[in-house]
Every structure is written in structure tokens, then in C-alpha cells.
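The values are calculated or read from the model by the stated rules, or taken from the named source; none is laboratory data. What you are looking at is a predicted structure, and each value in this text was computed from that prediction instead of being measured. For neighbour counting, all protein chains shown are included, and Cβ atoms are generated from backbone atoms with ideal geometry for every residue, glycine included. Areas reflect the complete protein model, heavy atoms only, side chains present, ligands, DNA and RNA absent. Shrake-Rupley method; radii C 1.70, N 1.55, O 1.52, S 1.80 Å.
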Amino acid sequence: MNYYNEIKNKLINNEINRKIKNYSIKKSDLDTYYNVGKLLLEAGNQYGEGIIKEYSRNLTNDLGTGYSQRNLRNMRQFYKVSQKWQTLSAKLSWSHYCEILWFDENKFQYYVRIAELNNLSIRQLRERIKSKEYERLPESTKNKIMNQDKSNVVDFVKNPIMIKNSNMYNIFSEKVLQKLILEDIENFLDELGTGFTFIKSEYPIKLDNRYNYIDLLLYNIKYKCYVVVELKVTKLKKEHTGQIMTYMNYIDKNMKTIEESDTVGIIICKQDNKYVIKYCSDDRIIAREYELV
């Protein structure tokens, strides 16, 4: 079999399809690079790894730029990934896949899922990878991804949560932390996961004859529940869980409808205390550290 001519013909046909059928460019690219990857693997098995260098040089001479050794290796890896995991989405472009092809299975699946759900551009996907978003997920969430288990509202809340400190505040307080979050609320909601929307900061609730104020009140559209967020610039303390539990119960009794799920609570603190959460009586509460960037 003449592997080179077969590869060259497939790439030429793909270029023709790209010019004629713009609406199907993504699928044409993925189908082509899958088949080219298969041929490259077979050619490599027969002629050795050096065939990549030879084919890259010949394709560049015959077809122009775009067929570097790196790109050909990406095509071969794309075929291998497709065979192993079978979790590819036609909604993502070839450029998306080139960013994640060399990750392990769980990390790869996470970024495929998150890019598809959030319609991420290449730039946005790169930013999430650069921020080590996957590495900041809890191990329990990574296991759910691997086992394809159903997720819940707090599974994709990162730890630590990255908060931009654009003004480089030196004196820090809960008010300053709240201000930084509100200055870039979209980024903050992305750090929490999917489906979070902002309702109000300093949300007032009346307990007995006294008003208390929830630092941030959110709502998750996907899971149909309110989310109470409390901000602490200290190490997590047991009284923090008592405070947020009170707020959550208030929301459940006075605002939640029968069609909605129970309110959840997120305490964002300077330093976590695993024993406080371990012995907290309410498993709807989670704690996450913050990090200024």
C-alpha cells in the first residue's frame, strides 16, 4: 500500500470540501484527520517513526504549510484517542482537540465536556487549561467523570477558587474580597461551575427583629437551587458553618418552592479546615479556599 499517496489524496479531498461546504468543515476535518492518523500509525508500524519526518517534508512540498511533524503526530494521536475513549464531539473543532490530545483520559474528557457545554473558543479553552482548572477539581469529581456518574451542583467548584486582584489591594478584608468578586462576576461564576447566576450581594434576610446580610446569593439554573456564598478571609471556623446553615435554612423556608432543590452553601475562606467540614452536620455545605491572581 502506498501510504503517502493515500494520505495526500485524503488531505486534498478535505481541502476541496472545506472550500465547497463551509457548514461541514469541522466534521470534514475530524473525519479526514482520523483517517490520516490511522494511515500514519500503520505506516509508522511498517517503516518506523522516521516516516513522520519524511511525510511532513513531502506534504509541505506538495500541498503547502500545515503539515508539520507536530501536526502529523497530532493526527496520529487523534486516531489513537478516538479508538481508546470514543468520547469525541463533532461540536469541537480540530484546533480544540489539538489543545487536549495529549492529556490523560479523565483530563481529556473533562475539557471535551466543558468546551462543548460552554461553547468555548480556542482562546477560552487555553485560558482554562493554563489556570489548571482540571487540577483544581476535587478527586470525587474526577472519579465521577471517569465513571460517567451523575454530577451535583457543587462538583465542579474549583479549589482554590482564583479571584483576580487587578487593583493589587494590600489591605484585605471580606468587603475587599467581595468587591473583587463583583468586579469580575462572570469569571467567579465560571470558577464555580455550570449554570450559576448572580442574584444579589449583601442580600438582606430578617431573623427575629434583626437583619442579616448574605454575602452573595446565587441561583443555579441547571440544578434549580439557591446557592448561599459566604466570604471569610481567615481559616475556616465552626461558627462559619453555623452561620451559613442558618442562611440556607431561611432561604429554604421562605423562598424555595416545592419544585426546587434544597439550598446549598459555599464558604470561601483563606484556609480550609477539613475537620470543620468533616464534622459539619449539613452535607449541603462545602468550603473552598481562594487565591488572588
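What residues qualify as long-range amide H neighbours of Glu289, i.e. H under 5 Å apart, gap of 5 or more or another chain, H built at 1.01 Å from N?
Ile161, Cys269
Two decimals is fine: what's Rg over Rh for segment 124-168, C-alpha atoms, Kirkwood radius as Rh? Let's see the in-between values first.
On the way: Rg = 12.6 Å, Rh = 11.9 Å.
Rg/Rh: 1.06.
Return the calculated 222 nm mean residue ellipticity for the chain, to the nearest 500 deg cm²/dmol, obtained by summing -39500 (n - 2.57) across DSSP H runs with n ≥ 4 and dividing by the residue count. If you can, show how the numbers build up before the last one.
On the way: 12 runs with 150 residues, N = 293.
One gets -16000 deg cm²/dmol as the mean residue ellipticity at 222 nm.
Based on the Cβ-Cβ distance from Asn273 to Leu41, what FRET efficiency comes out when R0 is 51 Å, to the nearest 0.05?
Values: r = 51 Å, r/R0 = 0.99.
Approximately 0.50, to the nearest 0.05.
Starting from the Cα gyration tensor of segment 18-136, multiply each eigenvalue by 5, take the square root, and state the resulting semi-axes largest first in whole Å. Walk me through the numbers before you get to the answer.
Working: eigenvalues 133, 60, 36 Å².
The answer is 26, 17, 13 Å, longest axis first.
Ranked highest first by the average count of other Cβ atoms within 10 Å around their residues, in what order do 103-112, 153-162 fall?
On the way: 103-112: 17.4, 153-162: 20.1.
Sorting 103-112, 153-162 by mean packing, highest first, produces 153-162, 103-112.
Mind checking which aspartates and glutamates have their C-alpha under 14 Å from Lys235, skipping anything on the same chain fewer than 8 residues away?
Glu174, Asp272, Glu289, Glu291
Solvent-accessible area per residue for the chain at a 1.4 Å probe radius, Å²?
Numbers: 16010 Å² over 293 residues.
About 55 Å² of surface per residue is accessible.
When you count, for each residue, the other Cβ atoms within 10 Å and take the mean per peptide, how do 113-123, 259-269 rank with the highest first?
259-269, 113-123
Could you tell me what percent of the accessible area of segment 153-200 is made up of carbon and sulfur, with a 1.4 Å probe and every protein chain present?
Numbers: 1250 of 2370 Å².
Using a 1.4 Å probe with all protein chains present, segment 153-200 comes out at 53 percent carbon and sulfur.
Work out, in µm²/s and without decimals, the Stokes-Einstein translational diffusion coefficient of the chain at 25 °C, 0.890 mPa s, Rh from Kirkwood over C-alpha pairs. If you can, show how the numbers build up before the last one.
Values: Rh = 22.2 Å.
It diffuses with D of about 111 µm²/s by this estimate.
With the alpha-carbon atoms as the only input, what is the per residue convex hull volume for segment 145-282 in Å³? Show your work: numbers first, answer last.
Details: hull volume 18.4 nm³, N = 138.
Cα-based convex hull of segment 145-282, divided per residue, equals 133 Å³.
Under 17 Å Cα to Cα from Lys179, which lysines show up? Leave out anything in the same chain fewer than 8 places away.
Excluding near neighbours in sequence, the set is Lys164, Lys200, Lys232, Lys270.
State, as an integer percentage, the relative contact order of segment 127-182 based on alpha-carbon contacts under 8 Å between residues 6 or more apart.
Computed over segment 127-182, the figure is 30 percent.
Arrange the peptides 31-39, 138-146 so that the one whose residues have, on average, the most other Cβ atoms within 10 Å appears first. Write down the numbers at each step before the final one.
Details: 31-39: 20.2, 138-146: 14.8.
Peptide ranking by packing, descending: 31-39, 138-146.
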